[in-house]
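The values are calculated or read from the model by the stated rules, or taken from the named source; none is laboratory data. Keep in mind that what you see is a predicted model, and the values were worked out from it rather than measured. Ideal geometry is used to build each Cβ from the backbone, glycine not excepted, and the neighbour counts take in all protein chains shown. Side chains included, ligands, DNA and RNA excluded: accessible areas come from the protein's heavy atoms. Shrake-Rupley method; radii C 1.70, N 1.55, O 1.52, S 1.80 Å.
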Amino acid sequence: MQHKSKQEKTTSFDSSFFPECWSDDRRMGVLLAEFRPRQLNIASYDSKMKFWKDLILSSCRESGSSVVSVTTLKERFRRKGTVPYCLNTVFHDMLSKRELCSDNLLKDHGKTGVYGFNLWTVGQLIKTPLVWSYETVRAITGFVNFNESDSYIVKSIAVEHIKIIENVVATHNLQNKTMKYEDFLFILFQSSNITRNGVGPPIIFLEKEKRLTTKSVIIDDTKTFLIKFASIDGIAQPITSIEKSIYEIEQRENRLMEDITSIEHDISQTMEKVRQHIQNGQKQMAKTLLKKKHILEKSMQLKITALDTLQGILQKIHNCQSDKNVIKAYQLGTDALKNVLNTSGITIEQLDNTVTEMKNVLEQHNEMLSMISAVPIDDIDELELELELGDLIDMKLTESNIDKHNISTPALVPPVENRPSNAHDFDTEIEKRLAALRVDIESSKLASNAQ
């Protein structure tokens, strides 16, 4: 895809980040002048140094680049025709405190990679400046009288851009996705104010920290740079030949879709012209255009078939990758289960012996329960107990002078052939007699109370 970033469309620079004192002529006259020796007024010197450092940082954030030079900043900070004459001193101080590193480390050090940087460059930019002293910087680059057009990298801004890039990658789900470097830049430029000039340093750091990987490939006789970001808290893996093939297939799929859309548009325009010629009575022209329409339809059908084939291949590739993950999960589960069995010491023979022994014990227990339940608890006849109880109740009724004829009951000890047919009938009879007895007792109590 060909993209035009919003940063590349304009070179205008917003100066809204300037502090309020920027409109104060007297104050700015002092700030734009060269530094006086620090020992004359330490507080004033440090205040002025802080002013310019903060302004440089604000300028970098506004411009979307951590790469700066004295020449660029002089023009950017030009005020009423006057440029700041103190920036050389500010740059020296920032270098001494490791707040800057030289952009020369990003250029022309042997064979370069995707971004014009190589491993030596990366090592010098990311690792070495952490231990550089000001004297080492001066010894390496000769910054005593450095060229004002030389570029330097503001490290704190580069770190901020690293965080922005990682947020963009996470937001757009670009982890472990192989894509064209220019396509990534298009997404980045649409999502942030980082410019092409400012994207280099953070990309170098991420590649050094194995948060992304790159690869140069030839597709359709054109050199293309691919980029792939690592997963969250992961390490970027090299771009494989399979991922490269998938990318090429996806690119051809996109081209086919664009071609089909274009042909559909041509067919629509052709049919519109056919209608116009028919309306104007131009039969031969309409016939010629109809032939063109049929040719376009055949071409479109061929491309649709090719597109279906490519999409089918892509789907099978993705399915294979998914199946690979499933099989890997199965293998991990199997290995884990084997380890558990091995560490537990359980074997098939042990399990069989245990189960057999458990069956024998259960059988013995069941036999014991059967034997216990077979032993009679007592040999007393329940019916005899009921008859005895009935006799006792009849005796109590006689003592209480209750007429038993008023109670519709069978004989106290009925003959065997006249006895109730079941225990329930006999129980009912006993309950009636007890009720009669309770009524007599309550009447006796009432009579006593009345006397």
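Annotation for the stretch 39-66 versus the stretch 296-324: alpha-carbon center distance of 58 Å. One decimal place: the segment ASP24-SER149 gains 42.1 nm when fully extended, by the rule 0.36 nm per residue minus the C-alpha distance. Binning all Cα-Cα separations of the stretch 193-344 at 10 Å, short to long from zero, yields these whole-percent fractions: 9, 19, 22, 19, 15, 10, 5, 2, 1, 0. In this structure, ASN41 and ARG196 have a Cβ-Cβ separation that, at R0 = 35 Å, corresponds to a calculated FRET efficiency of about 0.25. Computed over the alpha-carbon atoms, the stretch 315-379 gives an Rg to Rh ratio of 1.51, Rh here being the Kirkwood radius from the mean inverse distance.
Extension gain for the segment PHE225 to ARG98, taken as residue separation times 0.36 nm less the Cα-Cα distance, is 42.5 nm to one decimal.
Length gained on full extension, ARG252 to SER373, computed as 0.36 nm times the residue gap minus the Cα-Cα distance: 35.1 nm. Rounded to 0.05, the FRET efficiency of the LEU290 and SER262 pair, given R0 = 25 Å and the Cβ-Cβ distance, is 0.80. Solvent-accessible area of ARG61, all protein chains in place: 100 Å² (probe radius 1.4 Å, heavy atoms, ligands and nucleic acids excluded).
DSSP loop chymotrypsin sites (Phe, Trp or Tyr not before Pro) in the stretch 171-219 with at most 13 other Cβ atoms within 10 Å of their Cβ, which ones?
none
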